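Here the structure comes first, spelled out in structure tokens, and everything after it is commentary.
Each value in this text was obtained by applying a stated rule to the coordinates, not by laboratory testing. Note that the coordinates shown come from a computational prediction; the quantities given were computed from them, not determined experimentally. Here the Cβ positions follow ideal geometry from the backbone for every residue, glycine too, while neighbour counts run over all protein chains shown.
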Amino acid sequence: MSEYRTTAAAPVLVAAFLGQIFGIDPVTGRVLWEHKQDGAGITSTALLITPAAIYAAALSSVACLRYPTGELLWEVKTATHGRATLVLEGDRLFVAKQGEIECFSITGQRLWHNRFKGKGMGPVALGVPGNVAQADDKE
């Protein structure tokens, strides 16, 4: 489903689970579009939505879709598997999984990866002043 037409003036509702992302008409509940991510069907999906883009992290990838149409802009594999925490700051997307953090440009280029070797693993909270994402400790 790649058609995007909404019957409402309300913003498109975005829902994600098991590596699938859906654009939903908030008035009718009709699915406007959907995208199945790499690693779909295994774990939850973390979302971060701006007026122009949807960033979604599934088990083994992070994707960027155009908001509100759902058009795939890019998708890349992540170095670590698991539930993600996402923070967008300026032109950098930070993706944290299992005690590791990766930084991507808003065009999908991996800029760096820090394993925090020897520091342990688990959910990661990320933040800068005024922009914090708390880790979900339930796997």
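Projecting the Cα atoms of SER105, TRP33, MET121 onto the charge dipole of the chain, computed from C-beta unit charges around the Cα centre, puts MET121 farthest toward the positive end. Across the chain the C-alpha pair distances fall into 5 Å bins from zero in the proportions 2, 11, 20, 22, 20, 13, 7, 3, 1, 0, 0 percent.
Please check the chain for the longest run free of chymotrypsin sites (Phe, Trp or Tyr not before Pro) that are loop-located per DSSP (anything but H, G, I, E, B) and have at most 16 other Cβ atoms within 10 Å. Free of exposed loop sites, the longest segment is 5-115. Computed over every Cα-Cα pair of the range 57-103 and binned at 10 Å starting from 0, the pair-distance distribution P(r) comes out as 27, 53, 19, 1 percent.
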